[in-house]
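Read-outs throughout are calculated quantities, based only on the coordinates presented, and are distinct from any laboratory measurement. Being a predicted model, the structure only gives us computed values, none of them experimental. Using ideal geometry, Cβ is built from the backbone for each residue, glycine included, and neighbour counts are taken over all protein chains shown.
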Number of protein chains: 2
Amino acid sequence: MAGNDLPRLRRVVLERLMRYYRWLAESTPKKPLKNVTSGQIAEALDIDPTQVRKDFGAIGLQGMGRVGFEVWEVCRSIRHMLGFDHTYYGVLIGAGHLGRALMAYNGFARYGLQIVAAFDNDQHKVGGKAAGVPIKPMRTLKPFIRKHDIRLAILTTPAEVSQKVTDRLVSAGIRAIWNFSPTRLTVPPDVLVRNEHISLGLSQIAYHLKQ
Amino acid sequence: MAGNDLPRLRRVVLERLMRYYRWLAESTPKKPLKNVTSGQIAEALDIDPTQVRKDFGAIGLQGMGRVGFEVWEVCRSIRHMLGFDHTYYGVLIGAGHLGRALMAYNGFARYGLQIVAAFDNDQHKVGGKAAGVPIKPMRTLKPFIRKHDIRLAILTTPAEVSQKVTDRLVSAGIRAIWNFSPTRLTVPPDVLVRNEHISLGLSQIAYHLKQ
């Protein structure tokens, strides 16, 4: 891969690249830009322009003075660097309200993620589908992951079972866990856990509305 | 309100309080704790114990040495401080996939938020319901907000219309915007904007899976 001689990027850099990409690729469908300057991106996203140029430099992009960067090249570089140009398959564990909401959301495919199956212990859910994704019994989780070489699991289980499920995922060979369950997970160092808390923003909102 | 003599809390403090609350109130339903120490919370959430005690002190909570804090009192104090003990009503703008996913998610009520209506321009959606919430035409947005004294709007519109919608929300008297649309919004200083980016975590995940 072309990027293999570049340094490993930190999480904050990855997140900024994602924000640039989203703004360039998705924000301006009605008036697409051909070129963009670091100043325009900085202004739109409230980020220091020097930081934008530094991040672009870190993935091998060089601007052309006042003309800036070619949008298609920036988008292609970021997609390639972050890995969005490859499809990766994920399973979702816990087909409750949040799990179903994530399956119904069709915004992940553009970042390479395809959810291929959901797993749940509830006999009323098993055998059905949510947003076109089949819901399977938990006992088939491990063989499914192994057979289909699944790398990512999205966890929306109740907190008290999340570690037990995580242990099963890890022993089945999963490489990344996107954790929406409200608990910290213990995993081996080569497995990535990304914690999400969808309601976190409500702390700021409710507090503001109370004042 | 009892907390009015306490200093105004910063966003990072609010978010930590939210994480404490979530862990205490929601993580341990099968084996509820009566008391909890700052050390236990620190260990569970990977936060420095001194920070936990400092945050608790900031909302007027004092531990009792090795016994720690009473869980019910901590939960009540955080709920009160963040404003979760009052119901606040919100509208959702843009009943697309993400909007519908958020309406289907029933985890917001416990933090005081109730979504009472959604608004969209699509004639095929208007008049219908999503997760029990009625979908109304955009032209009725302003009178609805005024009539029902709505304080919060959840924005899941396409980026190119978000600022225009925001201007209407502000002129209707909205006080907080939970922004899921991929763009920065300009608002008066007394209006809070909380930006969310649900796919942000995929930057880290896709990059990890690529290695």
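Compared with the alpha-carbon gap, the fully stretched path from residue B:211 to residue B:58 is longer by 50.8 nm at 0.36 nm per residue. The local environment of residue A:10, defined by Cβ-Cβ distances under 11 Å, has a net charge of +1 under the rule Lys, Arg +1 and Asp, Glu -1.
The two copies A and B are related by a rotation, and the chain A beta carbon nearest its axis, with distance in whole angstrom, is A:101, 2.
Placing a label point 7 Å from the Cα of residue B:190 along the Cα-to-Cβ direction, the distances to the matching points in the other copies come to 5.8 nm, shortest first. Tally Lys/Arg at +1 and Asp/Glu at -1 over every other residue whose Cβ is under 12 Å from the Cβ of residue B:118; what's the total? Spelling it out: positives minus negatives among the neighbours equals +2. Placing a pseudo-label 7 Å from each Cα along the Cα-to-Cβ vector at residue A:73 and residue B:149 gives an inter-label distance of 5.8 nm. Let a ≥ b ≥ c be the square roots of the eigenvalues of the Cα gyration tensor of the protein assembly as shown; is it rounded (a/c under 1.5), or, if not, prolate (a/b larger than b/c) or oblate? It is rounded, given that a/c, with a ≥ b ≥ c, falls under 1.5. Each copy carries residue A:71; placing its label point 7 Å along the C-beta direction from Cα gives inter-copy distances of 5.3 nm, listed from smallest up.
To test your reading of the geometry: what angle, between 0 and 90 degrees and rounded to tens, separates the Cα axis of helix B:159-172 from the longest principal axis of chain B? Tilt relative to chain B: about 80 degrees. Scanning residues 5 or more positions from residue B:195 or on other chains, those with amide H under 5 Å from its amide H are B:179, with H placed 1.01 Å from N in the peptide plane. For residue B:128, the amide hydrogen comes within under 5 Å of the amide hydrogens of B:135, counting only partners 5 or more places away or on other chains and with H modelled in the peptide plane. Given their separation in residues at 0.36 nm each and the Cα-Cα distance between them, residue A:164 and residue A:129 gain 10.2 nm when the chain is fully extended. Look at the alpha carbon pairs under 8 Å that are at least 6 residues apart: their mean separation over the length of region A:50-182 gives a relative contact order of 21 percent.
Label positions at residue B:50 and residue A:47, each projected 7 Å from the Cα along the C-beta direction, are separated by 3.3 nm. With the charge dipole of the protein assembly as shown set up from +1 on Lys and Arg Cβ and -1 on Asp and Glu Cβ about the Cα centre, the Cα lying farthest toward the positive end among the listed residues B:106, A:65, B:44 is that of B:106.
Between region B:73-136 and region A:31-74, the C-alpha centres lie 36 angstrom from each other. Between the Cα long axis of helix B:11-26 and the first principal axis of chain B there is an angle of about 70°, rounded to the nearest 10.
Note on chain A: with a GNM built from Cα contacts shorter than 10 Å, the maximum mean-square fluctuation among A:167, A:46, A:122 falls on A:46. Per-residue ellipticity at 222 nm computed for chain A from its helices equals -12500 deg cm²/dmol, with DSSP H segments shorter than 4 residues left out and the rest contributing -39,500 (n - 2.57).
Among the listed pairs A:34/B:142; A:210/B:129; A:164/B:54; A:125/A:164; A:34/B:210, a Cα-Cα separation exceeding 25 Å is found for A:34/B:142; A:210/B:129; A:164/B:54; A:34/B:210. Taking amide H as placed 1.01 Å from N in the peptide plane, residue A:88 has its amide H under 5 Å from the amide H of A:113, A:114, each at least 5 places away in sequence or on another chain.
Quick one: label points 7 angstrom along Cα→Cβ at residue B:211, distances to the other copies in nm, smallest first? Those label-point separations list as 4.0 nm.
Specify the residue with the greatest mean-square fluctuation among A:124, A:148, A:86, computed from a Gaussian network of chain A linking alpha-carbon atoms under 10 Å apart. Largest GNM mean-square fluctuation: A:124.
Between beta-carbons, use under 11 Å as the cut-off and find the net charge around residue A:136, counting Lys and Arg +1, Asp and Glu -1. Cβ neighbours under 11 Å give a net charge of +2.
Using a 10 angstrom cutoff on alpha carbons, build the Gaussian network for chain A and name the most mobile of A:158, A:32, A:182. Of A:158, A:32, A:182, the Gaussian network model singles out A:32 as fluctuating most. The 3J(HN,Hα) values that the Karplus relation (6.51, -1.76, 1.60; θ = phi - 60°) gives for region B:80-88 are, in residue order, 5, 5, 7, x, 6, 7, 10, 7, 10 Hz. Gly and Pro appear as x.
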